[in-house]
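Presented below is the structure to which this report refers.
The values are calculated or read from the model by the stated rules, or taken from the named source; none is laboratory data. Note that the coordinates shown come from a computational prediction; the quantities given were computed from them, not determined experimentally. Here the Cβ is made from the backbone with ideal geometry for all residues, glycine too, and neighbour counts use every protein chain on show.
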C-alpha cells in the first residue's frame, strides 16, 4: 500500500515509505504498520516523521478499528539510525518525541507485537502503544547511555510511569536489557507468550478489541491518557463526565439492549 492511498489532511505525502510498510485488512478492520528494514529494522530519522503521518492517517480511516505495530524477522527493532542523529538539525531532533508519541495520540487501540530486540526508539514506540505483547525472545532496552546520551523520545518518562523511578534508573542508567517475561511481571508488557504464538496472540487481542464499542474504546483511551498525571479527585470527576456523555450514546443503548436480549451487541461507534 502507498501512503497516498490513506486519507490524510496533508496535501502532499511522500510517495514511498522509508523502512516500513502498511497493510489494511478491511474485513478484519485492522491495519498493520510493519517495520521492514531487516535484519534489525533500524528506524531512520525520516521514518519517524512518516510513521507519525501514517498513524494520523489510519486514525482518520473509518475502515480501521485496531492498529498493530510489528516488525519483520527475528527482531522488532534494534533502535534508531545513529548516524542520522549526528546529521539532523537541533530543530529536527526536537520533534522526535512528538513523532514517536503518535501511537498514544491515536484515538484507536494500538498493539505493539514485540519479539527479539526492542531497543531505543523501538522500545519508545512500543511504550507509546496501548498494548505490548512480548515473547520469550524479547529484550527491551534503552541503551543510550552507551553513546553518552539519554532516551530522547519519551522512553524514560513513559517507563517511569509504569515501573517507578528505581527500576527506570536501573534500566536507563545501566542500559540494562529486560527479558519479555520480566517486562510482563513488571507491568511493561501486557502479555508474554512463546515466540511461535506471537501472531496468534496478536490476532486474538485484535478480535477482542474489535468486539467493543469504538466510541467507548476511544473515550477510555483518552480518559486514561489525560488523567495519568491528575489527582484522584480530578480523575474521578473527568471519568464521571465521560460516563455521562456515553450514557446518551447509541452504543450504550445497544449494549444494554443486547445484554437483556442475551445477544451479541452491534456497536457502530455512535
**Message:** Here is a check on your reading of the model: is residue 158 more than 15 Å from the chain's Cα centre (by Cα) and either assigned by TED's automatic domain parsing to the domain that holds residue 55 or part of a helix (DSSP H, G or I) (or both)?
**Reply:** no
Reported set for the stretch 201-231 where residues are out of contact with any strand residue (DSSP E or B) (no Cβ under 8 Å at 6 or more places or on another chain) and over 30 Å from residue 245 (Cα atoms) is 203
Check your understanding: Taking residue 64, is it modelled with pLDDT of 90 or more, surrounded by fewer than 17 Cβ atoms within 10 Å (Cβ to Cβ) and either under 23 Å from residue 180 (Cβ atoms) or under 16 Å from the mean Cα position of the chain (by Cα) (or both)?
Key -> no
A careful count of residues in the stretch 30-48 that are more than 15 Å from the chain's Cα centre (by Cα) and part of a helix (DSSP H, G or I) gives 3
Sole miss for residue 189 among (1) out of contact with any helix residue (DSSP H, G or I) (no Cβ under 9 Å at 6 or more places or on another chain); (2) touching a residue at least 40 places away in the same chain (Cβ under 8 Å); (3) within 30 Å of residue 61 (Cα to Cα); (4) in the same structural domain as residue 104 (by TED's automatic domain parsing) is condition (1)
When restricted to 27, 112, the only residue in the same structural domain as residue 144 (by TED's automatic domain parsing), crowded, with 21+ Cβ neighbours inside 10 Å and either at pLDDT below 95 or not in a loop (DSSP other than H, G, I, E, B) (or both) is 112
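Let's see how each residue does on (1) surrounded by fewer than 17 Cβ atoms within 10 Å (Cβ to Cβ); (2) modelled with pLDDT under 95; (3) assigned to a helix (DSSP H, G or I):
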site: 172; (1), (2), (3): no, no, yes
site: 198; (1), (2), (3): no, no, yes
site: 206; (1), (2), (3): no, no, yes
site: 229; (1), (2), (3): yes, yes, no
site: 243; (1), (2), (3): yes, yes, yes
site: 252; (1), (2), (3): no, yes, yes
site: 255; (1), (2), (3): no, yes, yes
site: 259; (1), (2), (3): yes, yes, yes
